[in-house]
1. Mind listing whichever residues of segment 1-55 are on the phi < 0 side of the Ramachandran plot and among the small types (Gly, Ala, Ser)?
2. Report yes if VAL93 is surrounded by 15 or more Cβ atoms within 10 Å (Cβ to Cβ), more than 11 Å from the chain's Cα centre (by Cα), within 19 Å of ASP3 (Cα to Cα) and not basic (Lys, Arg), otherwise no.
3. Mind listing whichever residues of segment 79-90 are open to solvent by less than 80 Å² (accessible area, probe 1.4 Å) and over 13 Å from the mean Cα position of the chain (by Cα)?
4. Of (1) touching a Pro at 6+ places or on another chain (Cβ under 9 Å); (2) under 29 Å from ASP107 (Cα atoms); (3) basic (Lys, Arg), ARG66 satisfies all except one. Which?
5. Condition check: assigned to a loop (DSSP other than H, G, I, E, B), open to solvent by less than 50 Å² (accessible area, probe 1.4 Å) and out of contact with any Gly (no Cβ under 9 Å at 6 or more places or on another chain). Does HIS99 satisfy that?
Amino acid sequence: MADCLFCSIIAGTTPAQIVLDTPAVVGFLDIRPVFKGHTLIVPREHVPTMVEMTDEVMVPLFGAARSVADAVRTAFGAQGSFVAVNNVVSQSVPHLHVHVVPRTKGDGLRGFFWPRTKYADDIEASEYAGKLRAALAG
């Protein structure tokens, strides 16, 4: 897609610190990392969000994310990683991408990046679960 930043990185017209380059996916450092080494894994094919992703894209994309999540331990001495995908909300570039953020206990990042909530009770939780089961069933 002509006006997509990630497509231009994949095409080589916008510079990036490429860390992974395969026939199906490209991985590069995020220019505003949560922690240094924060990597974005993107499919070469322009896919706006996870919802539009095909199975043919999913396997190499998440296989690459798994490889990078493993590699950050060796490369940076990380104990683990935070792996995430945004869909529309908080997705600054409308091209599917997986964040792999190196993590170490005590790194200062507290849980998720957003506030947590609670269900009022088991009945409310059951209602939410039922709505989601119904939507999944179609």
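The values are calculated or read from the model by the stated rules, or taken from the named source; none is laboratory data. Here the structure is a predicted model, which is why all the values come from computation and not from measurement. Using ideal geometry, Cβ is built from the backbone for each residue, glycine included, and neighbour counts are taken over all protein chains shown. Note: areas computed on protein heavy atoms with side chains; ligands, DNA, RNA excluded. Shrake-Rupley method; radii C 1.70, N 1.55, O 1.52, S 1.80 Å.
1. Result: ALA2, SER8, ALA11, ALA16, ALA24, GLY27.
2. So VAL93 passes the test.
3. GLY80
4. Here ARG66 clears every test but (1).
5. The answer is no for HIS99.
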